[in-house]
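*Asks:* Sharing a structure below in structure tokens format, with a few things to ask.
The values are calculated or read from the model by the stated rules, or taken from the named source; none is laboratory data. Every value quoted in this text rests on a predicted model; they were computed, and no experiment measured them. Backbone-built Cβ (ideal geometry, glycine too); neighbour counts: all protein chains shown. Only protein heavy atoms, including side chains, enter the accessible area calculation; ligands, DNA and RNA are left aside. Shrake-Rupley method; radii C 1.70, N 1.55, O 1.52, S 1.80 Å.
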Amino acid sequence: MNLQEKLQLAYAKIREAKRILVVGHTSPDADALASMGAILEITSNLGLKTYAYADKKPAGAYSFIPHEDLITGEEPSDLLVFDVILFLDCGSISRTGLEARIRTSLKPPKMVAL
């Protein structure tokens with residue numbers, strides 16, 4: 001699958017989703033929060049329900065980043081309510097703080113690496 005096909009598939013999955021979880025890496029820096037903020041802008045414009053999570057997010061340190069206030073350090077209570085999980089700015093789920101929960105509660109997902 002070429003990059004264009006992967007992007008189209010990812011976009012289709014996002015558009016079809018009822019609930020999306022956006023996850024950044026633990027102790028997120030400005031670029032992690034900015035990428036999450038950009039996705040929050042897109043999902044908001046598409047009218048999608050989105051929950052954004054970054055473990056150990058510093059409170060208020062990056063308030064200049066759009067939608068930073070919508071990103072929480074509180075883990076989602078139930079991962080199974082999300083149709084799509086987007087991992088941003090991290091090369092491995094081990095950097096999310098959710099790895100154990102993801103591996104034990106979710107079936108192996110079909111992943112699209114971009």
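*Asks:* So which pairs qualify, if the first residue must be in segment 12-29 and within 22 Å of ARG95 (Cβ to Cβ), the second must be at pLDDT below 95 and among the small types (Gly, Ala, Ser), the Cβ gap must be under 8 Å, and the two must be at least 6 apart or on different chains?
*Replies:* Matching pairs, first to second residue: THR26/GLY97.
*Asks:* To continue, here is another question. Which condition does GLU75 not pass, out of (1) in a loop (DSSP other than H, G, I, E, B); (2) open to solvent by less than 30 Å² (accessible area, probe 1.4 Å), if it passes all the others?
*Replies:* (2)
*Asks:* Related question: Consider ILE20 carefully, then state whether it is surrounded by 15 or more Cβ atoms within 10 Å (Cβ to Cβ), assigned to a helix (DSSP H, G or I), at pLDDT 95 or above and of a type in the set (Val, Ile, Thr).
*Replies:* Numbers: surrounded by 15 or more Cβ atoms within 10 Å (Cβ to Cβ): yes; assigned to a helix (DSSP H, G or I): no; at pLDDT 95 or above: yes; of a type in the set (Val, Ile, Thr): yes.
When the stated conditions are applied, ILE20 does not pass them.
*Asks:* Check segment 99-106 and report whether any residue there is open to solvent by 60 Å² or more (accessible area, probe 1.4 Å) and modelled with pLDDT of 95 or more.
*Replies:* No: segment 99-106 contains no residue that is open to solvent by 60 Å² or more (accessible area, probe 1.4 Å) and modelled with pLDDT of 95 or more.
*Asks:* As an exercise: evaluate THR50 against (1) touching a helix residue (DSSP H, G or I) at 6+ places or on another chain (Cβ under 7 Å); (2) closer than 28 Å to GLN4 by Cα; (3) exposed (fewer than 15 other Cβ atoms within 10 Å of the Cβ) and give the number of the one condition it does not meet.
*Replies:* Just one mismatch for THR50, condition (3).
*Asks:* Please state which of the following conditions GLU41 fails to meet, knowing it meets all the rest: (1) at pLDDT 95 or above; (2) out of contact with any His (no Cβ under 7 Å at 6 or more places or on another chain).
*Replies:* All conditions are met except number (2).
*Asks:* Tally time: how many residues in segment 23-39 are over 16 Å from LYS56 (Cβ atoms) and open to solvent by less than 10 Å² (accessible area, probe 1.4 Å)?
*Replies:* 1
*Asks:* Still on this model: Taking the condition of being part of a loop (DSSP other than H, G, I, E, B) and touching a Pro at 6+ places or on another chain (Cβ under 8 Å), how many residues in segment 29-54 meet it? I'd like the intermediate steps shown before the answer.
*Replies:* Applying the first criterion (part of a loop (DSSP other than H, G, I, E, B)) to segment 29-54 yields 29, 46-48, 54.
Adding the requirement that they be touching a Pro at 6+ places or on another chain (Cβ under 8 Å) leaves 54.
So the answer is 1.
*Asks:* I've got another one for you. Within segment 55-72, restricting attention to residues that are touching a residue at least 40 places away in the same chain (Cβ under 8 Å) and not in a strand (DSSP E or B), which residue is nearest to ILE93 (Cα to Cα)? Step through it out loud before you land on a result.
*Replies:* Kept after step one, since they are touching a residue at least 40 places away in the same chain (Cβ under 8 Å), are these residues of segment 55-72: 55-56, 71.
Narrowing the set further to residues that are not in a strand (DSSP E or B) leaves 55-56.
Values: ASP55: 12, LYS56: 15 Å.
This residue is ASP55.
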